[in-house]
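Structure first, commentary second.
Taken together, the values in this text are just the output of simple stated rules run on the coordinates, not laboratory data. Keep in mind that what you see is a predicted model, and the values were worked out from it rather than measured. When we count neighbours, we look across all protein chains shown, and the Cβ atoms used for this are built from the backbone with ideal geometry, even at glycine.
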Amino acid sequence: MSSTAIPLQTQPGKKLPPPEHVTIREHDWAYAALQMIFDPPYKPETANMSWPPDILTWRSMLTSALTQFLGITGSAISIDILHLNGDEAWLRIPRVDLMHFKAGISGYVGFADGRNVGFRTVGTSEFLMGLASKKAEDSIWTD
C-alpha cells in the first residue's frame, strides 16, 4: 500500500505566491459618529460643568432615544462608546441593528440640563477607518 504525500509547504527558501484576490466578509459590527446638538446651544463663555457631555449623558440620551422609538427592543441594542470629543462620539453598534439605530436617533428630541437635545449623524461605516477618513475629509473644508 503506497501513498503519495502532498507537501503542505514549498521548498525552503521559496515563498508561496500572493493570493489573487481577498474577500472581506460581513462584519459583526458597524461604526457611527454622532454629534449631540443642544437648543439653545452652549456658548464657551456660558459653558458650565455639564459641558461637554460625559459618557453617562451620552449613554442615557442614546438609550432614551432608542427606547422612545423602538421600545424595549431599542434599549437592548448594544452600544459601545469608543471615543468622546466635545459634543461628538464614535460608537460601535451591531451591524444588524445599524438601520434601527439610525432611525431611532434621527428624529429624537430629548431634554437635558434645561435644553432640548438631539443628534446629528456625522457618518456611519462598517469599518472604523471609514469614520476616521470621513472626519479627515470634513476637516479639509471646515478648517
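Among Leu70, Leu131, Leu34, sorting on how many other beta-carbon atoms sit within 10 Å of each Cβ, with the fewest leading, yields Leu70, Leu131, Leu34. Packing around the peptides 53-59, 103-109, 22-28, taken as the average count of other Cβ atoms within 10 Å per residue, puts them in this order, highest first: 103-109, 53-59, 22-28.
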